[in-house]
Amino acid sequence: MTTSFAWFVRGRILESIQANIAATYLAMICLILIPWLLISSWTGKVMSRRKLEYRALMLLSSFLLVSVVQWGVRIGFAP
């Protein structure tokens, strides 16, 4: 995952995906969360609290699904 994050922050998305697609997905989630968290901390209140738990659960579930599928594919194609 570290290699994938390193490629992602350098703008080399294809290399990031090749290293670990689940980490690329997580890096994209972090990229979206950074401005949201900064604005929330600046204003002192959480922006868009409606359905926050539901959205967090969906993001976590989708990340876990991508991770498990990637793991299964890599194990399945291992020599």
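Just a yes or no: is a residue in the range 9-24 on the phi > 0 side of the Ramachandran plot, over 12 Å from the mean Cα position of the chain (by Cα) and without any contact (Cβ under 8 Å) to a residue 60 or more places away in the chain?
For the range 9-24, residues on the phi > 0 side of the Ramachandran plot, over 12 Å from the mean Cα position of the chain (by Cα) and without any contact (Cβ under 8 Å) to a residue 60 or more places away in the chain: present.
Please go through the range 25-45 and give me each residue that is β-branched (Val, Ile, Thr), more than 11 Å from the chain's Cα centre (by Cα) and within 22 Å of Ser61 (Cα to Cα), ordered by number.
Once the filter is applied, which keeps residues that are β-branched (Val, Ile, Thr), more than 11 Å from the chain's Cα centre (by Cα) and within 22 Å of Ser61 (Cα to Cα), the range 25-45 yields only Ile34.
Among the residues of the range 32-40, is there at least one that is touching a helix residue (DSSP H, G or I) at 6+ places or on another chain (Cβ under 8 Å), surrounded by 12 or more Cβ atoms within 10 Å (Cβ to Cβ) and not aromatic (Phe, Trp, Tyr)?
Scanning the range 32-40 turns up no residue that is touching a helix residue (DSSP H, G or I) at 6+ places or on another chain (Cβ under 8 Å), surrounded by 12 or more Cβ atoms within 10 Å (Cβ to Cβ) and not aromatic (Phe, Trp, Tyr).
Could you list, in sequence order, all residues of the range 8-24 that are under 23 Å from Gly72 (Cα atoms) and surrounded by fewer than 21 Cβ atoms within 10 Å (Cβ to Cβ)?
Result: Ile13, Leu14, Glu15, Ile17, Gln18, Ala19, Ile21, Ala22.
Do we find that Ile29 is in contact (Cβ under 8 Å) with a residue 24 or more places away in the chain, part of a helix (DSSP H, G or I) and either surrounded by 10 or more Cβ atoms within 10 Å (Cβ to Cβ) or touching a helix residue (DSSP H, G or I) at 6+ places or on another chain (Cβ under 7 Å) (or both) in this structure?
So Ile29 passes the test.
Every number here is computed from the coordinates shown, using simple stated rules; none is lab data. Bear in mind the structure is a predicted one, so any value in this text is a computation, not a measurement. Cβ coordinates were reconstructed from backbone atoms using ideal geometry, including for glycine residues, and neighbour counts include every protein chain displayed.
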